[in-house]
Amino acid sequence: MLLTDWEMEMRSIEKMIAREMNHPELRQWSSEPLDRSLIWLIWSMGASAGLGSALRAAVAAAVYLVHRGLEVHEVERAQPGGGGVSATAVLAGDFFSSKYYLLLAKYGLVSLVGVLSGGVRRVNELKVRRRSWRWEEDPEGYVALCAEIETGVVRGLLRGLSLRDPWPEIVRAAGRGFALVRGGEWGHGGALPSLMDLHVWASTTAEERRALEESEGSGRVRALYAKYNAGDWVTDQLTEVCSSIRSRLASLPRLGAEGLERMCSEWEAAWASWVPVAKER
């Protein structure tokens, strides 16, 4: 497939997502640039399952809408001074995620509705668990939990599309990749640490940890990100994740492998000139 064909298909998916998210009262939550890396992952799964262009685009759009709906529910909690999620944000999240029903039905993919619904339930359960997780005592368990949350909805597609090895390992690695590219939550007022934050926390002195606890969202937090080379650490970790994914591409259909390569390229391009603070969440 030529590059121009790839770009045309991606634009088609992006237009489909934008159309489904379009609502005059919800533009605050639909104006963010789309996460192409996530779209490429879902698209690759559809391609590996043998879906044609129209069907894999519909699956990519439907799963993205569910993922974005879940994400919007948390955005305001991550804003400096945010006290919770507003009623409008909840409605926006529900609106986005609900659209996948109609989209899948339109393309005759009703069997995937239950799969995605189960994924939503799983993600919500994991998020509840994360809020009470004692990450200072079990950082490795916390990292695994964050990674699973990132691909909780996508994991259901493994069964829904009858994808076998090496896909479970690819999705597991991708979950860590998506958790890494979240960046720094504390520097953006987030209530829970990201993988970058855990790296910084493990590197800091007792005095610096007190500063982290007392200066959420301040320049001091950003300075600690820089002091402990948080961006370089994320880049190194992403290199390992992408290497793990790329080592499994040879056993996939050509389109599936190409899509995953593009997912990794999106991550690498985003962190070529890293920004120490996540845009949201």
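Worth pointing out:
- Gain upon complete extension [LEU126, SER111; 0.36 nm per residue less C-alpha separation]: 3.0 nm
- Here the label points at ALA54 and SER243, each 7 Å from Cα along the C-beta direction, are separated by 4.4 nm in the simple model.
- Cubic angstrom per residue, convex hull over Cα atoms of the stretch 131-170: 69 Å³
- Here's the picture: a label point sits 7 Å out from the Cα of MET8 along the beta-carbon direction, and within the stretch 39-55 the residues with their amide nitrogen under 15 Å of it are 53-54.
- Pairs with C-alpha atoms separated by more than 25 Å, drawn from the list LYS15/LYS106; LYS106/LYS127; LYS15/LYS99, are LYS106/LYS127.
- Within the stretch 104-175, GluC sites (Glu not before Pro) in DSSP loop having at most 13 other beta-carbon neighbours inside 10 Å: GLU136, GLU137
- Extension gain for THR235 to ARG254 (0.36 nm times residue separation, less C-alpha to C-alpha distance): 4.2 nm.
- Spin-label model distance (nm) - GLU207 vs LEU102, 7 Å beyond Cα toward Cβ: 5.9 nm
Read-outs throughout are calculated quantities, based only on the coordinates presented, and are distinct from any laboratory measurement. Not measured: the values here are computed from a predicted model. Neighbour counts are summed over all protein chains in view; Cβ atoms, including those assigned to glycine, are modelled from backbone coordinates with ideal geometry.
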